[in-house]
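J.: Supplied in structure tokens, the structure appears directly below.
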Amino acid sequence: MELGFSAADGAFRDEVRSFLDEKLTPELRATGKRMTSVYADYDTTMAWHKALYEQGWVAPAWPVEYGGCDWSVIQHYIFSSELAAAGAPSLSPMGLGMCGPVLIGYGTPEQKAFYLPRILSGEDFWCQGYSEPGSGSDLASLQMSAVPDGDDFVCNGQKIWTTHANYANRIFNLVRTSKEDIPQRGITFILIDMATPGVKVEPLVMLSGEHIQNQIFFTDVRVPKRNVVGKVGDGWTVAKYLMQFERGGHAYAPGLHTRLDRIARMARQEGGNGGGRLIDDANFAAKLAETSVEITSLEYTEHRIMSALSHGEAPGAESSLLKTRGTEISQRVTELALEAVAYYALPFQPHATAPGGPVPGAPAVTPNETPVGPDYSWPVTAKYLNDRAGSIYAGTNEIQRNIMAKAVLGL
Ligand SMILES: Cc1cc2nc3c(=O)[nH]c(=O)nc-3n(C[C@H](O)[C@H](O)[C@H](O)COP(=O)(O)OP(=O)(O)OC[C@H]3O[C@@H](n4cnc5c(N)ncnc54)[C@H](O)[C@@H]3O)c2cc1C
């Protein structure tokens, strides 16, 4: 069996590498390396977004007719792996990876023509309005109301945990348009301009000290009826379709391989284990090897899912498997990283900033760099703390296991 790349794939990899050499500046690489969550900061994200957009590579998994790339599964894999290995910051997934695919699947021709080019160019930055204070796992219980009034809906209610709402100019929202049937049937998927009067965003600062999440209050917000995606009252179908992309629309393995390689490099340095090399500790070496095997097996599952995506299809309920394994292995990698840097993990400092200055009450802002050599310039503690959220966001891993039991295993 030949497991190497074909000549054409090798040429594609070289093309990606030369693009990265030219466009992925040292500043972008440094920010990618300092990322503590799945998101880079807004300015870096958009600078990198622009470079990929100009190259035509910002949404490779979209169907070609809407701006995607006609790549094979292997090319998608090469692209993700090369970006991860080079330390590229990730792009915001809410437009490219969630709202875009939903509009392609359920949008009207007018909605596609208006929104898709703006997602590609970065002109629109989206956030996701699903969760509410009383509705997380039991999302169908959501209460934010939308009452018809002429050509508009008038929306009232609250959303919470809204990632990057502090930057977004648009939100895709689930609202309740009826209470008459089972809860799932009265939900509508609607697009809201964040500049509409009555929308108020407030920060939620995380344990790591960062400001990424928000809560949003909607008071008599008028939203045109033409902004409904799918049918009024059928938003649950649209919402579930979107969640397949949210959970399984991207590859976890390339980034995990890169992070584990970095830990292995640190473990091979002298002085990391009471004076010796941590890699010589058989227990630690076994944990590294075990995690590497787990990442590789996840990678093969991702290839199967990427196969669906590269044909413009939704990833299916198996996306729950990717989300669960991807986030659990990621948490494992953060634990190994803490072990590898040992007491150098302590001087982590969060970058608790918000537009207009530091968030009131947040810890002081100091650089993430510690003064002990390049491999330790990794904010391992902030990453460790932030990654605890991986088994909660996009639907908790307990809920993913329920979905796998029902929709994948048929139990
Ligand atoms: C970092 C972060 C970013 C987020 N970003 C967004 C965003 O941008 N937009 C958005 O809309 N939401 C976002 N969320 C919200 C996220 O989707 C919810 O936190 C998640 O769905 C869980 O809901 P909950 O927090 O209300 O917990 P709950 O639903 O109250 O769950 C509490 C615990 O009970 C368990 N549980 C609940 N029901 C069951 C069950 N039936 N079977 C087994 N166990 C169960 C859960 O697994 C969990 O452990 C984000 C959350 C985090 C942490």
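The values are calculated or read from the model by the stated rules, or taken from the named source; none is laboratory data. From a predicted model like this one, the values you see are computed outputs, not experimental measurements. All Cβ positions, glycine included, derive from the backbone under ideal geometry; neighbour counts span all protein chains shown.
J.: Only residues that are touching a helix residue (DSSP H, G or I) at 6+ places or on another chain (Cβ under 9 Å), closer than 23 Å to Glu202 by Cβ and more than 8 Å from the ligand (Cβ to nearest atom): list them for segment 135-152, please.
T.: Within segment 135-152, Ser141, Leu142 meet the criteria.
J.: May I pose another question? Please specify each residue of segment 177-235 satisfying the condition of being closer than 19 Å to Asp151 by Cα and among the aromatic types (Phe, Trp, Tyr).
T.: Across segment 177-235, the qualifying residues are Phe189, Phe218.
J.: Right, next: Can you tell me which of Ile305, Ile295 is within 30 Å of Asp70 (Cβ to Cβ), part of a helix (DSSP H, G or I) and modelled with pLDDT of 95 or more?
T.: When all the criteria are applied, what remains is Ile295.
J.: Now for a different question. Tell me which of these Ala84 doesn't satisfy, since it passes every other one: (1) touching a Gly at 6+ places or on another chain (Cβ under 7 Å); (2) under 21 Å from Ala11 (Cα atoms); (3) at pLDDT 95 or above.
T.: (3)
J.: Just a yes or no: is a residue in segment 95-108 closer than 30 Å to Lys33 by Cβ and within 10 Å of the ligand (Cβ to nearest atom)?
T.: Looking through segment 95-108, at least one residue is closer than 30 Å to Lys33 by Cβ and within 10 Å of the ligand (Cβ to nearest atom).
J.: Which of (1) at pLDDT 80 or above; (2) of a type in the set (Val, Ile, Thr); (3) farther than 24 Å from Met98 by Cα is the odd one out, the single condition Ile329 does not satisfy?
T.: Ile329 satisfies every listed condition except (3).
J.: Determine whether segment 2-16 contains at least one residue that is touching a helix residue (DSSP H, G or I) at 6+ places or on another chain (Cβ under 9 Å), free of Cβ contacts under 8 Å to residues at least 60 places away in the same chain and within 24 Å of Phe125 (Cβ to Cβ).
T.: no
J.: Oh, and also: Could you tell me which of the residues Lys323, Lys383 is closer than 18 Å to Ala253 by Cα and either in contact with a Phe, Trp or Tyr (Cβ under 8 Å, 6 or more places away or on another chain) or at pLDDT below 90 (or both)?
T.: From the options Lys323, Lys383, the qualifying one is Lys383.
J.: Something else now. Mind listing whichever residues of segment 370-380 are at pLDDT 50 or above and aliphatic (A, V, I, L, M)?
T.: Val380
J.: Please find, among Ala405, Ala394, the residue that is within 16 Å of the ligand (Cβ to nearest atom), at pLDDT 85 or above, surrounded by fewer than 18 Cβ atoms within 10 Å (Cβ to Cβ) and not aromatic (Phe, Trp, Tyr).
T.: Ala405
J.: Which residues, counting only those in segment 105-123, are crowded, with 17+ Cβ neighbours inside 10 Å and of a type in the set (Val, Ile, Thr)?
T.: The answer is Ile119, and nothing else.
J.: Are there helices (runs of 4 or more DSSP H) fully within segment 62-143 with at least 1 residues that are of a type in the set (A, V, I, L, M, F, W, C), over 28 Å from Arg185 (Cβ atoms) and in contact (Cβ under 8 Å) with a residue 40 or more places away in the chain? List them.
T.: Output list reads 73-86, 109-121.
J.: Among Pro367, Pro350, which is at pLDDT below 95, more than 16 Å from the ligand (Cβ to nearest atom) and not small (Gly, Ala, Ser)?
T.: Pro367
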